[in-house]
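Input: a single structure, listed below in C-alpha cells.
What follows draws every value from the coordinates through simple rules; no lab data is involved. A quick note: this is a predicted structure, and the numbers were derived from the prediction, not measured.
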Ligand SMILES: [Zn+2]
C-alpha cells in the first residue's frame, strides 16, 4: 500500500514535470514578407523539366515572445532574398553557397524525376511539390549553422525547416518492423 501511494505520488510528479516541459517548448513560425512572396511567386514555373533553383536570404528579422506557461514563440520574418548562383543544378538538386549567416532557400520542383536527368521527369506524380526537406537539406543546414532553411514547394507554398527537426532519436529495440521481411 505504501508503495502504491508512493507510486501514485511519483506518477503525479512526473505528469506535472511532463506538462511543464511541454509548455516550455519553443514553437517556430516562418513568415515571408510580401515583396519576397511576390518575387518567388513570379519566378515559379510549372515546367516539369526544370532544375531546382536557389536563393540567399538577404534580410530577416527574428523575434521571440514568451507565452503563458513559460514557452517561447519564435517568429522568423524573411524580408528580402536574392537569387544564388548555383555551382551545379538538376531536377533533384541544387548546389550553391550563401554567405555565412545568410540562410538558404531552394525550390523543389512540380515534377517526379526517376533520375537526375531532366528527360526522366514527368509533371506531378508522387515526388512533385514535396515540402519535405531531404536528409542532405538538413545536413547542409546543420553544417552551416543556420537557424532555418526554406523550401519553396509550390507557387504559393513555403516550408521553413529547423535544426531541431533533425534530432537523434533514442534507440528503441524494436524488431517487429523487420519480422515479415524476407531479406538477407
Ligand atoms: Zn531540398
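How would the range 96-164 be classified by its alpha-carbon gyration tensor: rounded, prolate or oblate, with rounded meaning a/c under 1.5 and the a/b versus b/c comparison settling the rest? Before the final figure, lay out the partial values.
Values: a/c = 2.36, a/b = 1.90, b/c = 1.24.
Judged from the Cα gyration tensor, the range 96-164 comes out prolate (a/c at least 1.5, a/b above b/c).
Report the far tail of the P(r) of the range 26-167, meaning the percent of Cα-Cα pairs longer than 27 Å. Write out the running numbers ahead of the final one.
Numbers: 2084 of 10011 pairs.
When all Cα pairs of the range 26-167 are counted, 21 percent exceed 27 Å.
Over its Cα atoms, what ratio of radius of gyration to 2.2 N^0.38 Å does the range 49-106 give?
Numbers: Rg = 15.6 Å, N = 58, 2.2 N^0.38 = 10.3 Å.
Normalised Rg, Cα atoms only: 1.51.
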